[in-house]
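Here is the structure we will look at.
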Amino acid sequence: MAKLRSVKGMNDLLPSEIPRWHRLEQVFRDTVHRYGFGEVRTPVVEPTELFVRGIGDTTDIVEKEMYTFEDKSEKSLTLRPEGTASCVRAYLEHAVGNVEPVSKWYYIGPMYRRERPAKGRYRQFYQAGCEIYGDPGPYVDAELIDLVVTYLGRLGITDVEVLINSLGSGDARARYRQALLDYLRPRAAELSEDSQRRLERNPLRVLDSKAAQDQAIAAEAPSLLDHLDDEDRAHFDGLIATLDAFGTPYRVEPKLVRGLDYYTRTLFEVKARSADLGAQSTLCGGGRYDGMIGDLGGPPTPAIGFAIGLERLLISLPDETPAPTLDAFVVVQRPELAVEGAKLARELREAGLRVDADLRGNSMKSQLRRADKSGARYAVVVGERELAEGSVQLKDLHAGTSTSVARAALNETLAGE
RNA sequence: GUGGCUGUAGCUCAGUGGUAGAGCACUGGAUUGUGGCUCCGGUUGUCGCGGGUUCGAUCCCCGUCAGUCACCCCA
């Protein structure tokens, strides 16, 4: 057992599992490109203040989950716990809003949260996400939800549930908060310990508590949707009408709240229905954050985004046979022919083929076994006889047949397949 | 942060108070130049780490670390 290990909750991804990741990423890129998004790449490290102000200092993420450290100039830096704040920072820093009215960005990359690892939850984890700046919706809200469902569908993940809700905005949200407090305070003693703590700091969070005694109280609580003002209501109705027009299935969940402070109006979540993920069934979370850009010192700009947890997708992803990674495998009859074999492999690679060889001096049996396992369609055998007559033996590993091919014609023969 | 379960070969796991085994994988051969099937052989371990009980611990006890699952929260 090695003494040097990866950091708890941060995992290696070895070459054998990378094809599945490539698939997740390629299908994501292809899908978001269809919707007009462009990729953005931001640093993994940001000033701590960005997350404190952007995500909110009452959130669990900022309160206890960030990897924060001081660099040598005594600035406080933090490993990004999510992607939205960084994107907003970049959007403002480059004054992108002055150049184009609407920006549609996507990102794929690692995020860091110091939580207790569990199935589908890691300390370094990968998210793919989208952000739209400058469009107040509600059509883009529906577009994003549709995009996520489409993406998952293209991966073969169809057993999902889309939950939507509206948190309202501005005064409506403040009024609701007050109404909720008025309802909850007299019942505070009956709430769970966690919810009692949440009560004053972020009462909305009591609504999605999983504790049984909280759920009973939450069930009778005033509904968010009843407190929306006319504009919020119209926005939410517009979202629903658009989803209906798309034929995208969804469920209105008035108690859907989510843990980040910055959300306004539209909130959504996509959950896997299969049991594979245990308690971490949320595949995707997102929502509108019309206030954040202004809060961070920019011009008031409507914004909406989502993030998908790629590890969780991977758990839900149906298995597929991986594509072969090699076209041909060179085999030499005797160790003395290693240089010939290496040269041949090089020539084939130069011709654009994916080629490997095993020139450690082991037996042909062993070399052919590796050729077989590599998934290569062909083995190219170099032996005494072949060398003498300037040919090579081309063995079709699927069919089990062999043919003699003039060495000069090998490139063409292989390329023609 | 709290609780449960588990740590034996690269992987999946069996096992006994007298310091270890199987299957897979890897590898040699049966076939002095031909994979996938079959057969025969071979390599691989500080039995997670530290301490205690014992003549003796991989096994029993305590601690610790790690993994995992659940809670919390989230992706």
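Worth a mention:
- Normalised by the number of residues in segment A:150-219, the mean separation of alpha-carbon contacts (under 8 Å, six or more apart) gives a relative contact order of 21 percent.
- Loop sites in segment A:94-143: trypsin sites (Lys or Arg not before Pro), DSSP, at most 14 other Cβ within 10 Å: A:Lys119
- Amide proton proximity set for A:Arg114, modelled H, under 5 Å, gap of 5+: A:Met66, A:Tyr67
- Two-decimal Rg/Rh across segment A:40-117, once Rg and the Kirkwood Rh are taken from alpha-carbon atoms: 1.00
- Listed residues A:Arg346, A:Arg41, A:Arg205, most fluctuating in chain A (Gaussian network, C-alpha, under 10 Å): A:Arg346
- Residue by residue, segment A:244-254 carries 3J(HN,Hα) couplings of 4, 5, 6, x, 7, x, 7, 9, 6, 10, x Hz when phi is fed to the Karplus relation 6.51 cos²θ - 1.76 cosθ + 1.60 (θ = phi - 60°); x denotes Gly or Pro.
- Inter-part distance, segment A:47-96 to segment A:341-380, computed on C-alpha centroids, equals 49 Å.
- The alpha-carbon of A:Lys119 sits under 23 angstrom from the alpha-carbons of these lysines, leaving out residues fewer than 8 places away in its chain: A:Lys8, A:Lys64, A:Lys210, A:Lys271.
- Prolate/oblate/rounded label for segment A:328-415 (Cα gyration tensor, a/c 1.5): rounded
- Its Cα centre serving as origin, chain A has a Cβ charge dipole (Lys and Arg +1, Asp and Glu -1) of approximately 1520 debye.
- Three-way shape label, segment A:1-92, alpha-carbon gyration tensor, a/c 1.5: oblate
- Helix A:18-34 axis versus longest C-alpha principal axis of chain A: approximately 60°, rounded to the nearest ten.
- Of the residues A:Val27, A:Val102, A:Val405, the one that moves most in a GNM of chain A with alpha-carbon contacts below 10 Å is A:Val405.
- Near the amide H of A:Arg265, within less than 5 Å, lie the amide hydrogens of A:Leu167, A:Gly168, A:Ser169, all on another chain or at least 5 residues away, with H placed in the peptide plane.
- Amide H contacts of A:Thr42 (H built 1.01 Å from N, in plane; Pro and chain starts excluded): no residue 5 or more places away or on another chain comes under 5 Å.
- Cα-based convex hull volume of segment A:156-290 per residue, rounded to whole Å³: 114 Å³
- Residue among A:Leu326, A:Tyr378, A:Asn362 farthest towards the positive dipole end of segment A:316-380, charges placed on Cβ: A:Asn362
- Centre separation in Å (Cα based) which lies between segment A:281-316 and segment A:382-408: 57 Å
- Degrees, to the nearest 10: A:364-373 long Cα axis against longest axis of chain A: 30 degrees
- Whether chain A is rounded, prolate or oblate, judged on the alpha carbon gyration tensor where a/c under 1.5 counts as rounded: prolate
We did not get these values from a lab; they are worked out from the coordinates using the rules stated. Treat the numbers as computed from the prediction; the structure is a model and nothing was measured. Every residue, glycine among them, receives a Cβ derived from its backbone with ideal geometry; neighbour counts consider all protein chains shown.
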